[in-house]
2 protein chains.
Amino acid sequence: MKNCVIIQSGGPTAAINASLAGVVYKAKEMGYDRIYGAINGIAGVLRHHLIDLTERLSDPEFLDKLMVTPAMYLGSCRNRMPDPIAEPAQYEQMFSFFKEKEIVAFFGIGGNDSMDTVAKLSAYAAKVNSPIRVMGVPKTIDNDLMQIDHTPGFGSAAKYVATSLLEMAHDTMIYPVKSITIVEIMGRDAGWLTAASALARTSYSNAPQLIYLPEVPFSITECIEDTEKLLRERNSVVIAISEGIRDKEGNYISASDSAVDKFGHQQLSGAGKALEHILGQAIGVKIRSVELNIPQRCGTHLASQTDLLEARALGEYGVELAEKGETGLMASLERISDEPYKVSYKGVSVAEVANGVRNVPREFINERGNDVNEKMLSYLRPLILGEPKITYENGLPEFLDVSHLLSSVTF
Amino acid sequence: MKNCVIIQSGGPTAAINASLAGVVYKAKEMGYDRIYGAINGIAGVLRHHLIDLTERLSDPEFLDKLMVTPAMYLGSCRNRMPDPIAEPAQYEQMFSFFKEKEIVAFFGIGGNDSMDTVAKLSAYAAKVNSPIRVMGVPKTIDNDLMQIDHTPGFGSAAKYVATSLLEMAHDTMIYPVKSITIVEIMGRDAGWLTAASALARTSYSNAPQLIYLPEVPFSITECIEDTEKLLRERNSVVIAISEGIRDKEGNYISASDSAVDKFGHQQLSGAGKALEHILGQAIGVKIRSVELNIPQRCGTHLASQTDLLEARALGEYGVELAEKGETGLMASLERISDEPYKVSYKGVSVAEVANGVRNVPREFINERGNDVNEKMLSYLRPLILGEPKITYENGLPEFLDVSHLLSSVTF
């Protein structure tokens, strides 16, 4: 028997199941007998909680529907694995389970925490001379992984952000009164997704007029100046901010520190609400803030087809690498050109990806630090292209049944 | 010359331009020479700020693109018109302008404030024996207009809410830990849109497990009880609440009353944040709140085709009524059956619609007041059916250029 096991972990994206579809498809093609999915990431492996994805393939629509089902079909976890050399107990248990299940390859789909798990499993495998191939497949809406041009999940989140911003631009243009609309976008440390709001600009709308990323220290004084200047020229100003903007001392711009509500609890409002209060006080015009929140990471109905296809291709490529006998790698892609948009696939050392963060380079941001520039736009544009075919049932997108996530059955 | 003028007013919806497309299409068919759109509602009429929509029809794609362009193509206003008998000055000015422009019909697309404007114009026309026909065409995402089965714009917002809830349900199911997700939905006084969250339920997900509407007094004690009970049976609980939930004394559940942030400003957080703090204090599990905010009313990329076609049909029907010599009416629809879904069109007195509000009837809500029932679901289901064909350009939905809203040119 030649079996494999797959985990998904970290935070949801619209494309992480496309990578799962890629792994399953290619593993089947490569002659794997049983393709197991562990429920809730590495925790599912430790608890022997697997489902047999090979059986799911009897539904001929399984992979197509999996491609467009949001969040993790296999569930997720946030477990941090111990050092495999100093504390090998959990690894011993897992590798013994792998042996029992005749597992020859392990695929971990996730962000940099997940790549840490993959790196540790591969270090343990090397230490005990296990023949099991351990492979990482990337994902994160934050686009902050090292050793890859851009991450699966980012393009779809970027398309969600840009589309929502354009629709909101129409919404903000209807009243002939001065107004400010602040849109708070995910990405605590890396501003890639906030930068994608710039894709909302069209021939008739330049919203958002201001974009603030966490990579540049946020100055309240300059933001007020910038906004007031724009309000002299136009009625509606839209400001896109990262949830993680912070001042030059590194303090987050948020109202949470000392705010107390009427129930005596600390207020936990974020950057958007905080800036709403600050600008509202400083500039006497209509003001509101919108937090795009979790829909931006799970809005598969608005996924980028480019993103889904790359996510799938990376899953397939991970299996190919394992098949070639490689281990300890992450399937990665590099960009060959922006126009025509072209990428190629390669394997990179998962240890070099784990725990690193790739921020927005300063040269992708304008001098004033209140917008992105053409370099960023050229980088972003191809990533949101194309729309997947979504089927609707009773007026809703048709996703895969994920009720197995509710069960606690052990395989 | 046989000309007409159209205004749009109130808050944005995804379908209000479909009604505009209906009026323009039918007016052209009925032989109107010039079809004017007033920019920014009745304010545009008073300021003689018109655009000639007849010219726009030279683009053969104009009406199709208009159908799926969010918010108001003509802009909006929140002007409240004075009593036409006691203060006729503005009306005299408008009707003299109508005469000059050879206007024979006026169409007002909007909610109940807009129907108040239509009613006043029609009362003034009657008083001065003007032959101008004055007609209302309804819209509002709140679905709270009198004299109509449901309002254009509601079905699209409902589809946005239900789809987002389903996607978030997938997002909430991935971690094997107890959690509460609160989703705040628009509708300060009427709970129709919050009720539409129930449409997100599928064979594998019953999220939202709790639904609280403004029509039933909100009890914090009962909400805590309901949530704790659910958390004993399952990991993830999703709670849909209207932004307007209030206690039995009529006080809004919001943290805004006395909350002060670290900048010394009053916090303006809504029901979702408030309930997040309350439940977070009472129940020690992971908790978050999501405010769907303005994307839910302008998310045309996720519009209901049923809604768009009805919105258009109501626009067309308004022109037909005017053509028959009717005035002072609002184009309305009544439901003939849920399954198969069938409606018929009729005119209703606009004076009976103006300023009234249609709340969710108590018999559409369960006894405990924490969910809707099958009566509500049968009512809602047909309204989100069907998806419009949206064309994408550069990865974004292609909408009409609305740069005329930025100009202040007077016609």
Checked against (1) over 30 Å from A:S164 (Cβ atoms); (2) in contact (Cβ under 8 Å) with a residue 60 or more places away in the chain; (3) surrounded by fewer than 20 Cβ atoms within 10 Å (Cβ to Cβ), B:Y36 satisfies every condition except (3)
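Of all helices (runs of 4 or more DSSP H) completely enclosed by the range B:102-203, which ones contain at least 1 residues that are surrounded by fewer than 24 Cβ atoms within 10 Å (Cβ to Cβ) and more than 14 Å from chain A (Cβ to nearest Cβ)?
Numbers: elements: B:112-127, B:154-172, B:192-195.
Those helices (runs of 4 or more DSSP H) span B:112-127.
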Which one of these is in contact with a Lys or Arg (Cβ under 7 Å, 6 or more places away or on another chain) and surrounded by fewer than 21 Cβ atoms within 10 Å (Cβ to Cβ): B:E334, B:E323, B:E316, B:E339? B:E334
Kindly provide the set of residues from the range A:278-300 that are part of a helix (DSSP H, G or I), over 17 Å from A:N235 (Cα atoms) and not polar (S, T, N, Q), ordered by number. A:I278, A:P295, A:R297, A:C298
Hey, B:G155 modelled with pLDDT under 95 and either small (G, A, S) or in contact with an Asp or Glu (Cβ under 6 Å, 6 or more places away or on another chain) (or both) or not: no
What number goes with the only condition from (1) surrounded by fewer than 22 Cβ atoms within 10 Å (Cβ to Cβ); (2) assigned by TED's automatic domain parsing to the domain that holds A:H49 that A:L329 does not pass? (1)
So which of A:T69, A:T54 ends up being in contact with an Asp or Glu (Cβ under 8 Å, 6 or more places away or on another chain) and either surrounded by fewer than 24 Cβ atoms within 10 Å (Cβ to Cβ) or in the same structural domain as A:I132 (by TED's automatic domain parsing) (or both)? A:T54
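Can you confirm whether the range B:145-160 contains a residue that is of a type outside the set (V, I, T), over 15 Å from the mean Cα position of the chain (by Cα) and not assigned by TED's automatic domain parsing to the domain that holds B:T306?
Restricting attention to the range B:145-160, the residues satisfying the condition of being of a type outside the set (V, I, T) are B:145-147, B:149-150, B:152-160.
So of that shortlist, the ones also over 15 Å from the mean Cα position of the chain (by Cα) come out as B:147.
Now drop any that are not not assigned by TED's automatic domain parsing to the domain that holds B:T306, which leaves none.
Checked the range B:145-160: no residue is of a type outside the set (V, I, T), over 15 Å from the mean Cα position of the chain (by Cα) and not assigned by TED's automatic domain parsing to the domain that holds B:T306.
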Quick one: which residue in A:L309, A:L275 is away from every other protein chain (no Cβ under 11 Å) and either assigned to a strand (DSSP E or B) or among the hydrophobic types (A, V, I, L, M, F, W, C) (or both)? A:L309
Total residues in the range A:397-407, condition in contact with a Lys or Arg (Cβ under 8 Å, 6 or more places away or on another chain) and modelled with pLDDT of 95 or more: 3
Please go through the range B:206-257 and pick out each residue that is surrounded by fewer than 19 Cβ atoms within 10 Å (Cβ to Cβ) and part of a strand (DSSP E or B). B:R246, B:Y252
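Identify all residues within the range B:236-269 that are modelled with pLDDT of 60 or more and within 8 Å of another protein chain (Cβ to nearest Cβ); write none if there are none. Before you say what the answer is, go through the steps one by one.
Step one: list which residues in the range B:236-269 are modelled with pLDDT of 60 or more, which gives B:236-255, B:269.
Within the range B:236-269, B:A255, B:S269 qualify.
Here is a check on your reading of the model: is B:V348 more than 14 Å from chain A (Cβ to nearest Cβ), of a type outside the set (S, T, Y), buried (at least 16 other Cβ atoms within 10 Å of the Cβ) and in a loop (DSSP other than H, G, I, E, B)?
Working: more than 14 Å from chain A (Cβ to nearest Cβ): yes; of a type outside the set (S, T, Y): yes; buried (at least 16 other Cβ atoms within 10 Å of the Cβ): yes; in a loop (DSSP other than H, G, I, E, B): no.
Criteria not met by B:V348.
The values are calculated or read from the model by the stated rules, or taken from the named source; none is laboratory data. Keep in mind the model is a prediction, meaning the values are calculated, not measured. When we count neighbours, we look across all protein chains shown, and the Cβ atoms used for this are built from the backbone with ideal geometry, even at glycine.
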